[in-house]
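**Student:** My questions will all concern the structure given below.
Rule-based calculations on the coordinates, nothing more; no lab input. Everything numeric in this text was worked out from a predicted model, so none of it was measured. When we count neighbours, we look across all protein chains shown, and the Cβ atoms used for this are built from the backbone with ideal geometry, even at glycine.
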Amino acid sequence: MRNAVKIGELIATTDNAAAIGEKPQDVVSAPDKLTAYFTARVTFLEQLAANALPSHILLANFSGEAAWSRYVAGIRQVFDEANLKCPQIDGSTETNMPTLQSALSITMLGEPQIRTHYEPEHLIWYTYGLPLVGNEILAQPEDVAQLQPIYQAWQGEIVQQVWPVGSKGLQGEFTRLFGEQRVESSLDVKKTAGPCAVVLLGIHPEKERLAQKNFPRNFEKLRKTAW
């Protein structure tokens, strides 16, 4: 599994955001709903990467009581896009100490799904989206990997493996997936992808044409060679 932990029969994934929000001293100014959306989106994609679907959500809110409802709205937007019922959201809010900057953490507990398993080397790999971070996310929303086609393709097993790309950038994920193989891409492979603005998708060769129709924009096939 990627950034996931098995707890009993459940899969746990988590992500957080700090200094991004509506407080005056935040480094990146953004609506709380949007911050929670991207944080939940990462956590949801990590569930798909572990071949699981969320059944419980825990929210840790360090931004004050007023932010809670906005954060919940952002989490629910993820499930609206995937056309899924949002699980119950529980958690807590820091109310004893006022914070100068925004912060939240989202944990999802998911139930493993029965899917056909393929080793990474038996799949054809594509990048979907562009590596973006911070204000680039706000300026180029159309270049962020879209959640709806990812989930639909994963659900229909057009995509066999979802592999989100985060702060380590594409090169870091290439190494985790492919070891010492050399991977070529037109994208900046060393740049952070922020909240998984770009996602690696593993596709069985028989489903490649279907996948190309499903992802008409920012969908690029990787080239792998030995060093």
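**Student:** Report the extension gain between R223 and Q101 in nm, rounded to one decimal, defined as 0.36 nm multiplied by the number of residues separating them, less their alpha carbon distance. Don't jump to the answer; show the numbers that get you there.
**Tutor:** Working: separation 122, 0.36 × 122 = 43.92 nm, distance 4.20 nm.
Extending this stretch completely gives an extra 39.7 nm.
**Student:** Considering amide H positions built from the backbone, and no H for Pro or chain starts, which residues 5 or more places from I124, or on another chain, come under 5 Å of its amide H?
**Tutor:** Amide H neighbours of I124: I203, H204.
**Student:** Any idea how far apart Q212 and E157 come out in nm if each label point goes 7 Å out from Cα toward Cβ?
**Tutor:** Calculated label separation equals 2.3 nm.
**Student:** Something else: Please give every one of the aspartates and glutamates within straight-line cross-link reach of K207, meaning a C-alpha to C-alpha distance under 19 Å, and leave out same-chain neighbours fewer than 8 residues apart.
**Tutor:** E119, E121, E157, E220
**Student:** Then there is this: Want the number for E119 to S29: 0.36 nm per residue separation, take away the alpha-carbon distance, what's left?
**Tutor:** Details: separation 90, 0.36 × 90 = 32.40 nm, distance 4.10 nm.
Between E119 and S29, full extension yields 28.3 nm more.
**Student:** What ³J(HN,Hα) values, in whole Hz, does the Karplus curve 6.51 cos²θ - 1.76 cosθ + 1.60 give for the range 41-54 when θ = phi - 60°, with x put for Gly and Pro?
**Tutor:** 4, 4, 5, 5, 4, 5, 5, 4, 4, 8, 6, 9, 10, x
**Student:** Quick check: Cα centre of the range 159-226 to Cα centre of the range 93-136, how many Å?
**Tutor:** 15 Å
**Student:** Want the number for Q148 to S167: 0.36 nm per residue separation, take away the alpha-carbon distance, what's left? Don't skip to the end; give the middle numbers.
**Tutor:** Details: separation 19, 0.36 × 19 = 6.84 nm, distance 2.24 nm.
That pair, Q148 and S167, stretches by 4.6 nm at full extension.
**Student:** Rounded, prolate or oblate: which one fits the range 120-219, using the alpha carbon gyration tensor with axes a ≥ b ≥ c (rounded when a/c is under 1.5, else prolate when a/b beats b/c, else oblate)?
**Tutor:** Values: a/c = 2.03, a/b = 1.17, b/c = 1.74.
Taking the square roots of the gyration eigenvalues as a ≥ b ≥ c, the range 120-219 is oblate.
**Student:** Which value results when the Cα radius of gyration for the range 5-112 is divided by 2.2 N^0.38 Å? Please list the in-between numbers first.
**Tutor:** On the way: Rg = 13.6 Å, N = 108, 2.2 N^0.38 = 13.0 Å.
So the Cα radius of gyration is 1.04 times the expected 2.2 N^0.38 Å.
**Student:** Residue by residue through the range 11-27, what is 3J(HN,Hα) from phi via Karplus (6.51 cos²θ - 1.76 cosθ + 1.60, θ = phi - 60°)? Round to whole Hz and write x for glycine and proline.
**Tutor:** Calculated HN-Hα couplings, in order: 10, 9, 10, 8, 8, 9, 9, 9, 6, 10, x, 10, 7, x, 9, 5, 6 Hz.
**Student:** Hey, another quick one. Can you list residues whose amide H is under 5 Å from H56's amide H, if they're 5+ apart or on another chain and H is modeled 1.01 Å from N?
**Tutor:** It is L109, by chain and number.
**Student:** Can I ask one more? Starting at the first residue of the range 158-174, write each ³J(HN,Hα) from the Karplus equation 6.51 cos²θ - 1.76 cosθ + 1.60 with θ = phi - 60°, in whole Hz, x for Gly and Pro.
**Tutor:** In residue order, the calculated couplings are 6, 9, 8, 9, 9, 9, x, 10, x, 5, 7, x, 4, 4, x, 6, 4 Hz.
**Student:** Pull up all non-local amide H partners of Q161: gap of 5 or more, or a different chain, and H-to-H distance under 5 Å with H placed in the peptide plane.
**Tutor:** Correct list: G202.
**Student:** Would you calculate the separation in nanometres between label points at N135 and K6, each defined as 7 Å from the Cα along the Cα-to-beta-carbon direction?
**Tutor:** Going by the 7 Å Cα→Cβ label model, 4.5 nm.
**Student:** Indicate the gyration tensor shape class of the chain (rounded, prolate or oblate), computed on the Cα atoms with a ≥ b ≥ c the square roots of the eigenvalues: a/c under 1.5 is rounded; otherwise a/b larger than b/c is prolate and the rest oblate.
**Tutor:** Working: a/c = 1.99, a/b = 1.52, b/c = 1.31.
It comes out prolate by the Cα gyration axes.
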